[in-house]
Structures are given as structure tokens and as C-alpha cells.
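Reviewing the structure listed below.
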Amino acid sequence: MPILRNGAVIEDKWVLLDEADEPQAGTPLVVPSEIWRASRDRYLKWYGPLGIRLSPADEPSAIAHDFGRFELIEIDFPVFGDGRGFSIARLLRERYDYQGELRAVGDILRDQFLFLDRCGFDTLAVRQDQVGAWKEALSELSTPYQAATDKRTTVLSHRHPAKAAE
């Protein structure tokens, strides 16, 4: 799947580990959370970039002590109606101050793009046939109404600069 960052398609260097995989050392590796929990010590010794894929049921607090090890955290959206990934992203950015790349993967609709952006996602995996539609979503809303992790200036800040500074 193509990976979008700031409206541009970028190369995806990351490989998702499957239980049957034996990736080569140095490969940028994404480990599903259930495999990470079962074999954490093995992957802490991984030679190369390391990422993790969280499911909606994962509690970030359970692996918070490992966040510094991950260059990438993927958050899976198994169905478009499951919004727990948005909450996980906000927790990672706001509570745990995760500074690495956050990637949305799974069943994501282009109508959710602005929510993904506001929650702190850097990249997202999209279907090849939807790349153009996702790029269009970048320009649909020029000024947000609510404050979020992206710290963009809100409508309130434009209308009442002194009040927004409080």
C-alpha cells in the first residue's frame, strides 16, 4: 500500500513481521503488539530500526517504558467505525510525549483524514486507487475549530486572540 506523508507518496521501508517471518538483520521491522509481548527480549536485541503495530484493544500504558525504542508506531484501524485508534494516538502524543512516526493502517476513510492529522498521525497507508482522493482531503479545512495535538491556530484564536492566549 502507498504511504502518504504531507500529501506525498513516500517509500515504505518497513516490513511487518509475521509469525512465520525470519527477517534479515538491519531490516526496518514492525512487530505486532501480541508478538512483542510474547517475545519482547528477542526484539529488544534487534539490529535495525524497530516499530510496533498496536491494535485498538492495546493499552499504551502497558508498553510505555518501551516507546523510546520504537522509531515507528503503527495503529491499526480494523474497521472504519472503530475510533479507538484516534484515542491511542492522542495518548501517545500528549501523555507519553512520543516523538517518533505515528502511522495509521487499516480500514480508514478519507473523511477521517483531518481527524488523523489532528490526533498526531504523520503517515497513513492508503489503497493505490485512493491516493488522489486522500491528497484532496489535505485542503478541505483551512482552520480547525478545536485545539488538538497539532497545535494549529483555531477559529477562536483568529476571532479573539487575547482570549485564546489565556
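The values are calculated or read from the model by the stated rules, or taken from the named source; none is laboratory data. Not measured: the values here are computed from a predicted model. Here Cβ is always computed from backbone atoms with ideal geometry, including for glycine, and neighbour counts include all displayed protein chains.
Of the residues V79, V105, which is at pLDDT 95 or above and hydrophobic (A, V, I, L, M, F, W, C)? One residue alone meets the criteria, V105.
Scanning segment 83-110 for residues that are small (G, A, S) and under 21 Å from A62 (Cα atoms), we see that the one that is surrounded by the most Cβ atoms within 10 Å (Cβ to Cβ) is G85. Here segment 111-126 is the region considered, the condition is being acidic (D, E) and free of Cβ contacts under 8 Å to residues at least 60 places away in the same chain, and the residue that is surrounded by the fewest Cβ atoms within 10 Å (Cβ to Cβ) is D111. Report whether or not I52 is in a strand (DSSP E or B), buried (at least 16 other Cβ atoms within 10 Å of the Cβ) and free of Cβ contacts under 8 Å to residues at least 40 places away in the same chain. For I52, the condition - in a strand (DSSP E or B), buried (at least 16 other Cβ atoms within 10 Å of the Cβ) and free of Cβ contacts under 8 Å to residues at least 40 places away in the same chain - is met. Exactly one residue out of L102, L92 is touching a residue at least 12 places away in the same chain (Cβ under 8 Å), assigned to a helix (DSSP H, G or I) and under 20 Å from P49 (Cα atoms): that is L92. Within the bounds of segment 9-25, is there any residue that is of a type outside the set (K, R), under 30 Å from G132 (Cα atoms), touching a residue at least 40 places away in the same chain (Cβ under 8 Å) and exposed (fewer than 13 other Cβ atoms within 10 Å of the Cβ)? Looking through segment 9-25, at least one residue is of a type outside the set (K, R), under 30 Å from G132 (Cα atoms), touching a residue at least 40 places away in the same chain (Cβ under 8 Å) and exposed (fewer than 13 other Cβ atoms within 10 Å of the Cβ).
Do we have any residue at all in segment 27-43 that's touching a residue at least 40 places away in the same chain (Cβ under 8 Å) and either within 25 Å of A133 (Cα to Cα) or surrounded by 11 or more Cβ atoms within 10 Å (Cβ to Cβ) (or both)? Yes, segment 27-43 contains at least one residue that is touching a residue at least 40 places away in the same chain (Cβ under 8 Å) and either within 25 Å of A133 (Cα to Cα) or surrounded by 11 or more Cβ atoms within 10 Å (Cβ to Cβ) (or both). Name the residues in segment 105-124 that are among the hydrophobic types (A, V, I, L, M, F, W, C) and more than 19 Å from R69 (Cα to Cα), would you? Of everything in segment 105-124, those that are among the hydrophobic types (A, V, I, L, M, F, W, C) and more than 19 Å from R69 (Cα to Cα) turn out to be V105, I108, L109, F113, L114, F115, L116, C119, L124.
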